[in-house]
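Here is the structure we will look at, set down as structure tokens.
The values are calculated or read from the model by the stated rules, or taken from the named source; none is laboratory data. In this text the structure is predicted, and so the values were computed from the model without any measurement. Glycine also receives a Cβ, built like all others from the backbone with ideal geometry; neighbour counts cover every protein chain displayed.
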Amino acid sequence: MKKNENNIKFHHSGETCPAFLALGLIANKWSVKILYALSHAGEKPLRFGEIQKLLGNITQRELSKHLREFERSGLVTRKAYPEVPPRVEYKLTRLGYSLKEPVDALSNWSQTYGAEVLKNRGLYEEKKS
């Protein structure tokens, strides 16, 4: 167990820390939105284009990057069909679906407190000026 200068005990450090791992998966602009879209599709797999439409202004490159990482981490399955044009579908795995509750909680929190956070940011910037 590691201690820092404030005598706070850490059971893990760096990449072995479970919280570090979890935040690395979801702590960015698009991850929570992608997981939210997939988790609310239920058992229905979503095509790449469907996910992109649900998210609005995400680039193809950015969506591909996140879906690849989710697949690599076992959160998403990817199924490609040998068709022309190509059809690829994505669906949450059991592990990925286990994030539904925390993702929904984050979404609910942001809907409840988002306006307050934006107001506080504005007040902070006014004080700095």
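So here's what we get for this one:
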| quantity | calculated |
| --- | --- |
| Single residue of the stretch 9-31 satisfying the filter (in contact with a Pro (Cβ under 9 Å, 6 or more places away or on another chain) and surrounded by 13 or more Cβ atoms within 10 Å (Cβ to Cβ)) that is modelled with the lowest pLDDT | H12 |
| The stretch 26-57, residues that are of a type in the set (K, R), over 10 Å from K91 (Cα atoms) and outside any loop (DSSP other than H, G, I, E, B) | K33, K53 |
| Residues located in the stretch 82-101, provided they are surrounded by fewer than 11 Cβ atoms within 10 Å (Cβ to Cβ) and closer than 21 Å to G42 by Cβ | R94, E101 |
| Residues satisfying the stated conditions in the stretch 69-93, i.e. in a strand (DSSP E or B) and without any contact (Cβ under 8 Å) to a residue 40 or more places away in the chain | V76, T77, R78, K79, A80, Y81 |
| Residue match in the stretch 108-120 (condition: at pLDDT 95 or above, more than 17 Å from L35 (Cα to Cα) and either of a type in the set (K, R) or not in a helix (DSSP H, G or I) (or both)) | yes |
| Selection status of V88, among the aliphatic types (A, V, I, L, M) and farther than 19 Å from N28 by Cα | yes |
| The stretch 102-129 residues that are surrounded by 10 or more Cβ atoms within 10 Å (Cβ to Cβ), paired with ones that are part of a helix (DSSP H, G or I) and of a type in the set (S, T, Y) (beta carbon under 7 Å, 6 or more apart) | V103/Y36; V103/S39; S107/Y36 |
